[in-house]
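Bear in mind that the values in this text are calculations on the coordinates, not laboratory data. Since we're looking at a predicted model, the values are computed, not measured. All Cβ positions, even for glycine, are placed from backbone atoms using ideal geometry, and neighbour counts span all protein chains on display.
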């Protein structure tokens, strides 16, 4: 059933009930007002005839028939359509005129406000007035009478009108409710048509919606997934529903994008690992075949083959670890970021490098504290690769490797420099060293160390470059990371992250 039909039916049921309830509250008020008006007329009629009644009672007490007759005519003229009954001191009825109960009915003898008297089931409203004699002839009683059914008939008329209004209100309220509901639900139907027209395939050319970490629309509102925008209609409930739908679709779109990116990363990981592991695995297979086919090999040859097997095994482990770390960087989300003290990470990286490479001399120059907003595991990867790479390549000949790490705040950024005394990097190769699997011939690494550095620095919206130290020899790796600002305490993740799948990094 449509909402407008439901509202029309509810209006057809509720409005007549409300009219009847209002009638139930109104009828006692109408009856009370009618009775009050009748009592007021009785008081007015009693006040109008009272002087003539006094004279009538006085003439009766003095035994003056002619005067009594004259006063009776005056009472009749003043009575109009009201019922009057006048009795003398001894209870003798002196005058009875107009509609009133039978003479057998007992009327109240005590003066006071109007009361209801029933005569053979018929109610009468009676006002009793004590009349004093004008002279020393005694007194009497005046009764002013009116049918009590007049207010009841007025109440019955009001009751009939209330019932008629209730009956007429049912179809009229249903019609009005239907028209109003139809008009009020126009924005809701429009929203429904827009939602029904959404196409899940209406994605960007890359195969997903807004990438994870990408900035939303201006003003911080929900994104516009699949072309859906929360429009304002002027109806609060519809606007709230539209905004909730847009937010829901934005979250769905973002989750779908994350799933698509994770699937693409997994495919790229599988393809890259398969390609890069082929050579070391073939080498392992060859050496194993040699050992199996020649059990009589001399000890020196066997030791050489075993050493090659160990090197290939270490290279496989390094390669798989680096690829896994690269995949983690492609999938990390903004909720993993938090304030991090770079000084602690620099000290930890220097200590770990000194433990792994005791022949290298590593010095650190850093303030007591320098915080950035970042992903701590990623920053550890940056420092471990920078300092470790300098310890491996930071020497010439038989000299001891010397690595100088410096950290400082400069121009709203955290400036990290890692200097070594090695042969350096030629200017023509300073961009290519950050590409995947780029390494020197004599390098023992997997060729992904500096790629991991570039990935994590880009993830933190920073920059990395290779220069020459101030002394003119060696190599300097310089990293700049943005420091938190009061107006922008967090960062935005890059719109695209495909370091493990892309070929241009």
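Which semi-axis lengths, in whole Å and largest first, follow from the square roots of five times the eigenvalues of the Cα gyration tensor of region 122-192? Could the numbers behind the result be given before it?
Working: eigenvalues 819, 35, 6 Å².
Semi-axes, largest first: 64, 13, 5 Å.
Which whole-angstrom value gives the distance between the alpha carbon centres of region 348-389 and region 25-78?
Taking the Cα centre of each part, region 348-389 and region 25-78 sit 116 Å apart.
If you take every DSSP beta bridge whose two residues both sit in region 338-489, what share of them, in percent to the nearest 5, is antiparallel?
Restricted to region 338-489, the bridges split so that about 85 percent are antiparallel.
Between residue 165 and residue 110, what length comes free when the chain is fully extended (0.36 nm per residue of separation minus the Cα-Cα distance, one decimal in nm)? Show your work: numbers first, answer last.
Details: separation 55, 0.36 × 55 = 19.80 nm, distance 4.45 nm.
Full extension from residue 165 to residue 110 adds 15.3 nm.
For a quick check: sort 43, 335, 301 by the number of other beta carbons within 10 angstrom, fewest at the front. Don't skip to the answer; put the middle values down first.
Details: 43 15, 335 6, 301 12.
By the 10 Å Cβ count, ascending: 335, 301, 43.
Among 380-391, 76-87, how do they line up by average Cβ neighbours within 10 Å per residue, starting with the highest?
Highest-to-lowest ranking by the protection proxy: 380-391, 76-87.
Two decimals is fine: what's Rg over Rh for region 1-113, C-alpha atoms, Kirkwood radius as Rh?
Answer for region 1-113: 1.40.
Cβ neighbours within 10 Å, averaged per peptide: list 371-378, 189-196 in order, most packed at the top.
Numbers: 371-378: 19.4, 189-196: 13.2.
Order by mean packing, descending: 371-378, 189-196.
What ranking of 400, 41 emerges when the number of other C-beta atoms within 10 Å of each C-beta is taken as an exposure proxy, fewest first?
Values: 400 10, 41 17.
Placing the least packed residue first, the sequence is 400, 41.
List 416, 94, 248 from most exposed to least, where exposure is judged by having the fewest other Cβ atoms within 10 Å. It would help to have the intermediate numbers written out before the result.
Working: 416 26, 94 20, 248 13.
Lowest count first: 248, 94, 416.
Direction-averaged shadow area of the convex hull around the Cα atoms of region 338-489, nm²?
Details: hull surface 35.8 nm².
If I average the Cα hull's projected area over directions, I get 9.0 nm².
Divide, for region 1-42, the radius of gyration over alpha carbons by 2.2 N^0.38 Å, where N is the residue count.
Computed over Cα atoms of region 1-42, the ratio equals 1.99.
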